[in-house]
Amino acid sequence: MSPLTVHHIGYLVKKIEKAKDAFLSLGFQVEQDTLRDETRKVDICFLCKDGYRIELVSPYAEDSVVSGLMKRYKNSPYHICYETVDFDAAFADLTANGYIAIDTPTPAPALGGRDVVFLSSAVAGMIELIRP
Ligand code: NI
């Protein structure tokens with residue numbers, strides 16, 4: 001397996017601006033302010049604290065990719081994103097080891113257009129893989 005490095009924790013929130021303010025009060029700083037991902041129909045911002053990066057993700061439409069998860073989880077962390085120098089090899093290794101791709105690698109506007117893909121494991125839950 002190509003070594004994986006944690007890039008961020010994805011955190012579902014209902015109201016992104018209020019959530020951002022709450023995290024700022026906890027000492028987080030804005031790394032990238034709110035951007036709209038029109039493919040996934042979510043608003044996203046990145047915050048950092050103590051070397052940890054979190055991604056606030058908030059659906060703005062009923063048919064966003066996370067609307068179903070939001071109903072189930074409310075405000076909650078819901079994925080860990082990993083980056084790796086060899087995206088294609090890591091993707092192949094993961095899918096050969098029980099991870100099911102939820103979508104196909106697609107550019108993420110909030111990550112500078114880098115490809116991301118989501119995978120789900122029956123034992124490890126949902127992860128995201130990002131192309132370097
Ligand atoms: Ni993410």
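The listed residues are LEU129, LEU94, and the only one of them that is within 13 Å of the ligand (Cβ to nearest atom) and surrounded by 13 or more Cβ atoms within 10 Å (Cβ to Cβ) turns out to be LEU129.
For the stretch 39-49, a residue qualifies if it is within 14 Å of VAL66 (Cβ to Cβ) and within 12 Å of the ligand (Cβ to nearest atom), and the qualifying residues are ARG40, VAL42, ILE44. If the condition is being within 18 Å of ARG53 (Cα to Cα) and of a type in the set (Gly, Ala, Ser), then the stretch 82-112 contributes ALA108, ALA110, GLY112. Condition first: more than 13 Å from the ligand (Cβ to nearest atom), among the hydroxyl-bearing types (Ser, Thr, Tyr) and surrounded by 11 or more Cβ atoms within 10 Å (Cβ to Cβ). Now tell me which residues in the stretch 1-38 satisfy that. Listed by number, the residues that qualify are SER2, THR5, THR34.
Scanning the stretch 62-101 for residues that are among the aliphatic types (A, V, I, L, M) and over 19 Å from THR39 (Cβ atoms) yields a count of 8. So, of the residues in the stretch 94-110 that are at pLDDT 90 or above and not in a loop (DSSP other than H, G, I, E, B), which turns out to be farthest from LYS20 (Cα to Cα)? It comes out as ALA96. Listed by first and then second residue, the pairs with beta-carbon distance under 8 Å, at least 6 apart or on different chains, first residue in the stretch 50-79 and under 16 Å from ILE9 (Cβ atoms) and within 16 Å of the ligand (Cβ to nearest atom), second β-branched (Val, Ile, Thr) and in a loop (DSSP other than H, G, I, E, B), are LEU56/VAL13; VAL57/VAL13; VAL57/VAL66; SER58/VAL13; ASN75/VAL13; TYR78/VAL66.
The values are calculated or read from the model by the stated rules, or taken from the named source; none is laboratory data. Worth saying up front: this structure is predicted, and the values here are computed from it rather than measured. Heads up, the Cβs are rebuilt from the backbone with ideal geometry, glycines too, and the neighbour counts pull from every protein chain shown.
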